[in-house]
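To start, the structure under review is shown below, and the notes come after it.
None of the figures in this text is laboratory data; all of them are computed from the coordinates on show. Quick caveat: nothing in here was measured; it's all calculated off a predicted structure. Please note: Cβ atoms are built from the backbone with ideal geometry, for glycine as well, and neighbour counts cover all protein chains shown.
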Amino acid sequence: EDKVVQSPLSLVVHEGDTVTLNCSYEVTNFRSLLWYKQEKKAPTFLFMLTSSGIEKKSGRLSSILDKKELFSILNITATQTGDSAIYLCAVEDRGQGGSEKLVFGKGTKLTVNP
Amino acid sequence: GAVVSQHPSRVICKSGTSVKIECRSLDFQATTMFWYRQFPKQSLMLMATSNEGSKATYEQGVEKDKFLINHASLTLSTLTVTSAHPEDSSFYICSARVGNSPLHFGNGTRLTVT
């Protein structure tokens with residue numbers, strides 16, 4: 001059974017701190033790993049990772065994938081209160097016969113205090 | 001970019017009634033749409049994969065006769081919760097993708113069954 005485990009489940013930091021969120025996975029037929037940010041409603045896309053060792057960066061956020069060790073990290077530097085959200089890691093399983101699906105972790109709830 | 005529109009955003013219904021949720025891809029054609037459910041403090045759980053012109057594929061444990069999915073066109077999928085019960089109260093989110101792009105999510109529907 002596909003499994004995506006995120007840690008920590010909850011994190012409280014002060015503005016300006018740097019945080020690292022973790023995601024480990026077990027899937028039958030890996031296609032990609034994605035990070036989403038969820039505030040009050042639907043998740044918004046952050047990164048899609050398919051290759052090991054290549055860092056993806058967007059402003060203060062960056063992410064990298066290790067396909068050998070089956071994990072990914074999401075880094076946020078110089079955190080701001082607007083970064084407060086639930087960060088979801090999802091792994092896409094190719095499945096069989098084109099039946100791909102996205103399996104989500106439980107998320108890390110990040111709270112950034114002023 | 002690709003936009004997925006979901007309607008309604010919030011619905012309250014009485015136990016025993018049915019509720020229909022619509023998911024539209026606004027600027028692209030989606031042969032496949034995905035329906036997720038999210039209970040409070042839980043992650044997104046895939047309910048079913050909706051395929052245009054054919055029957056939906058349901059995940060284990062999801063009752064296909066209770067959660068009716070119709071994908072009549074390339075831009076519209078509907079989820080009908082039949083004979084709703086209070087335990088069906090949840091946040092339902094649809095998503096779709098274009099080609100190999102990441103999933104784009106609708107804004108979700110908060111269903112409350114009284």
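Determine which member of the set A:T79, A:T44, A:T50 is under 22 Å from B:M33 (Cβ atoms) and touching a Lys or Arg at 6+ places or on another chain (Cβ under 8 Å).
Unique residue meeting the criteria: A:T44.
Taking the options B:E87, B:E59, name whichever one is away from chain A (no Cβ under 13 Å) and of a type in the set (D, E).
One residue alone meets the criteria, B:E87.
So, in the stretch B:2-22, exactly how many residues are within 13 Å of B:H71 (Cβ to Cβ) and exposed (fewer than 15 other Cβ atoms within 10 Å of the Cβ)?
The number of residues fulfilling the criteria is 0.
Check whether at least one residue in the stretch B:89-105 is touching a Phe, Trp or Tyr at 6+ places or on another chain (Cβ under 8 Å), within 19 Å of A:G95 (Cβ to Cβ) and without any contact (Cβ under 8 Å) to a residue 60 or more places away in the chain, and report yes or no.
yes
Specify the residue that is surrounded by the fewest Cβ atoms within 10 Å (Cβ to Cβ); the eligible residues are those in the stretch B:59-89 that are of a type in the set (A, V, I, L, M) and over 13 Å from the mean Cα position of the chain (by Cα).
B:A72
Is it the case that B:Q38 is within 10 Å of another protein chain (Cβ to nearest Cβ) and of a type in the set (S, T, N, Q)?
Yes, satisfied.
Can you find, within the stretch B:13-35, the residue that is nearest to the other protein chains (Cβ to nearest Cβ) among those that are among the β-branched types (V, I, T) and in contact with a Leu (Cβ under 8 Å, 6 or more places away or on another chain)?
Checking each candidate, the answer is B:T31.
Among the residues of the stretch B:100-114, are any assigned to a strand (DSSP E or B), crowded, with 18+ Cβ neighbours inside 10 Å, in contact with a Pro (Cβ under 7 Å, 6 or more places away or on another chain) and away from chain A (no Cβ under 11 Å)?
Checking the stretch B:100-114: at least one residue is assigned to a strand (DSSP E or B), crowded, with 18+ Cβ neighbours inside 10 Å, in contact with a Pro (Cβ under 7 Å, 6 or more places away or on another chain) and away from chain A (no Cβ under 11 Å).
Residues that are within 14 Å of another protein chain (Cβ to nearest Cβ) and either under 10 Å from the mean Cα position of the chain (by Cα) or surrounded by fewer than 19 Cβ atoms within 10 Å (Cβ to Cβ) (or both): find the strands (runs of 3 or more DSSP E) completely inside the stretch A:41-114 holding 1 or more of those.
A:44-49, A:56-58, A:61-66, A:85-93, A:101-104, A:108-113
Identify all residues within the stretch A:43-68 that are over 28 Å from B:G108 (Cβ atoms) and in contact (Cβ under 8 Å) with a residue 24 or more places away in the chain; write none if there are none.
Matches in the stretch A:43-68: A:K67 only.
Just to be sure I understand, how many residues within the stretch B:23-48 are closer than 12 Å to B:L76 by Cα and surrounded by fewer than 17 Cβ atoms within 10 Å (Cβ to Cβ)?
Total meeting the criteria: 4.
Of the numbered conditions (1) crowded, with 21+ Cβ neighbours inside 10 Å; (2) over 15 Å from B:S50 (Cα atoms); (3) within 14 Å of chain A (Cβ to nearest Cβ), B:Y92 satisfies every one except a single condition; which is it?
B:Y92 satisfies every listed condition except (2).
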